[in-house]
Amino acid sequence: MSDPVLERYCTYLETLSPERLADLQDYVSADVHFRDPFNDCKGVDSMRSILDHMYRTFGTVSFVVSTRIRSGDTAFIAWRFESAWRGRVIAFDGVSHLTFDQDEHVTAHIDYWDAASGFYEKLPVIGWPLAALRRRISVD
């Protein structure tokens, strides 16, 4: 069965744009906790600032949510991030752990994704040694 509150938030993420950042407070609580591999902040303004920085850094960004699961005030979503950055496609999969309050606003949005393969390995200079290290320590 579909959860309308979770669907609404996922639709917001999938249609997110610099212009839609102003609507963030309609989906998250004023003291939302947001964390990803690079950031850890509290508050809707801080989360908005991180998302704004993402758009200023990467330009066009898209999120596609593939899986949505909710039980009580907790939800998990699986998603794919895609962007073109400096002539390179950056794409990786991640999962977000969401917590909702009684007003159905997100109070915590915690992202889990592999920053090494999703981002660092695509950078000049440090990318190839990280990719080589990953190949060396992985099981054939």
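Comparison of 83, 49, 66 shows that the only residue that is part of a strand (DSSP E or B), surrounded by 12 or more Cβ atoms within 10 Å (Cβ to Cβ) and among the hydroxyl-bearing types (Ser, Thr, Tyr) is 83. Restricting attention to the stretch 34-44, the residues that are surrounded by 15 or more Cβ atoms within 10 Å (Cβ to Cβ), under 13 Å from the mean Cα position of the chain (by Cα) and part of a strand (DSSP E or B) add up to 2.
Taken over the stretch 18-33, the criterion of being assigned to a strand (DSSP E or B), under 15 Å from the mean Cα position of the chain (by Cα) and more than 20 Å from residue 3 (Cβ to Cβ) is satisfied by 33 alone.
Rule-based calculations on the coordinates, nothing more; no lab input. This one's a predicted model, so the numbers in the text were calculated from it and none came from an experiment. We place every Cβ from the backbone using ideal geometry, glycine too, and count neighbours over all the protein chains shown.
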